[in-house]
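Student: The structure is given below, and queries will be raised subsequently.
The values are calculated or read from the model by the stated rules, or taken from the named source; none is laboratory data. Owing to the predicted nature of the structure, the values given are computational and were not obtained by experimental measurement. Heads up, the Cβs are rebuilt from the backbone with ideal geometry, glycines too, and the neighbour counts pull from every protein chain shown. Note: areas computed on protein heavy atoms with side chains; ligands, DNA, RNA excluded. Shrake-Rupley method; radii C 1.70, N 1.55, O 1.52, S 1.80 Å.
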Amino acid sequence: MLSVRNGSKAIEFYRTAFGANVAFRHDNESGEVIARLSVEGAEFWVADESPEHLNFSPETLNGGTARLVMVVSDPDAAFARAVAAGAKLVRVVNNEYGWRLGRIVDPYGHHWEIGKPLAEGL
């Protein structure tokens, strides 16, 4: 689960940047949100950080503790869409290690590698 500040805005960013579909969403009375999102069939969860449960966003920690790899059919298009939506470029899409791969950081501090294997079976 990705912990973020301002979960509602994060969900909208992921919808715009990655074309994510919202499979489940719950907003509580104080405005905090938890949601299950899906990109090309791969699911991930997003929720407002909750320090009382020891769930902190990268913004609170001043950096992330993990990076996600999102495998998509067209890494170049997905990468361009994410950057156009406000993601920051870390490494442009290129061919390396048998992958077509690029890296961005989203506005909430999470790092994403967006790519696909160049050969079948990887």
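Student: Would you call E49 surrounded by fewer than 18 Cβ atoms within 10 Å (Cβ to Cβ), under 20 Å from E12 (Cα atoms) and in contact (Cβ under 8 Å) with a residue 24 or more places away in the chain?
Tutor: The answer is no for E49.
Student: Pick from segment 93-103 the residues that are part of a strand (DSSP E or B) and either out of contact with any Lys or Arg (no Cβ under 9 Å at 6 or more places or on another chain) or under 22 Å from P58 (Cα atoms) (or both): which of them is modelled with the lowest pLDDT?
Tutor: The qualifying residue modelled with the lowest pLDDT is E96.
Student: Here is a further query. State all residues of segment 109-122 that are open to solvent by 30 Å² or more (accessible area, probe 1.4 Å) and not in a strand (DSSP E or B); if no residue qualifies, say none.
Tutor: L118, A119, E120, G121, L122
Student: Out of the helices (runs of 4 or more DSSP H) lying entirely within segment 1-91, which hold 3 or more residues that are aromatic (F, W, Y)?
Tutor: Passing ranges, in order: 7-18.
Student: A further question on this structure: Tell me, please, whether a residue that is within 13 Å of the chain's Cα centre (by Cα), modelled with pLDDT under 95 and small (G, A, S) can be found in segment 29-49.
Tutor: Checked against the condition, which is being within 13 Å of the chain's Cα centre (by Cα), modelled with pLDDT under 95 and small (G, A, S), segment 29-49 yields at least one hit.
Student: Quick check on this structure: which one of D27, D76 is touching a helix residue (DSSP H, G or I) at 6+ places or on another chain (Cβ under 8 Å) and free of Cβ contacts under 8 Å to residues at least 60 places away in the same chain?
Tutor: D27
Student: Being of a type in the set (D, E, K, R) and open to solvent by 50 Å² or more (accessible area, probe 1.4 Å) is the requirement here; does D106 meet it?
Tutor: no
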